[in-house]
Amino acid sequence: MFLDREPNEDDYDNISDVTGEVCADVDFTEVEEKCIFTLEPISQLDNLESWAYIRKEN
C-alpha cells in the first residue's frame with residue numbers, strides 16, 4: 001500500500017482486510033503486506049505487474 005502520508009493503525013487494518021479479501025479469491029503462495037509513505041506520482045511507483053486497488057478515500 002502506497003500512502004501520501006505516514007501510515008497509521010487504520011492503514012494496517014485496511015491492508016489486512018484487503019489481503020484477506022484478495023487471498024479468498026486468489027491462491028497466493030506468499031503474501032507480503034507493506035504500507036509505504038511516498039509523494040512520488042503513481043506512474044513512478046513499482047506496481048509488481050498490476051494493481052489490486054488504485055485509490056481509497058475515507
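Quick look at the numbers
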item	result
Calculated [θ] (222 nm, deg cm²/dmol) that DSSP helices of n ≥ 4 give over the chain, each run adding -39,500 (n - 2.57)	-10000 deg cm²/dmol
Summed side-chain charge close to Asp4 - residues other than Asp4 whose Cβ falls under 14 Å, Lys, Arg +1, Asp, Glu -1	-1
Surface/4 of the Cα convex hull for the chain, nm²	4.4 nm²
Using a Förster distance of 22 Å, the FRET efficiency for Leu3-Asp27 (Cβ separation, nearest 0.05)	0.20
Relative contact order of the chain, defined on C-alpha pairs under 8 angstrom at six or more residues apart (%)	51 percent
Under-5 Å amide H pairs with Leu3, H placed in peptide plane, nonlocal only	Ile36, Phe37, Thr38
Total formal charge among the other residues, if their Cβ is under 12 angstrom from that of Asp17, Lys/Arg +1 and Asp/Glu -1	-4
Whole-Hz couplings from phi, Karplus 6.51/-1.76/1.60, listed for the stretch 15-26; x for Gly and Pro	5, 5, 4, 4, 4, x, 5, 5, 5, 5, 9, 10
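Every number in this text was worked out from the coordinates using simple rules, so none of it is lab data. Just so you know, these numbers come straight off a predicted model, no measurement behind them. Note that each Cβ is placed from the backbone with ideal geometry, even for glycine, and that neighbours are counted across all protein chains shown.
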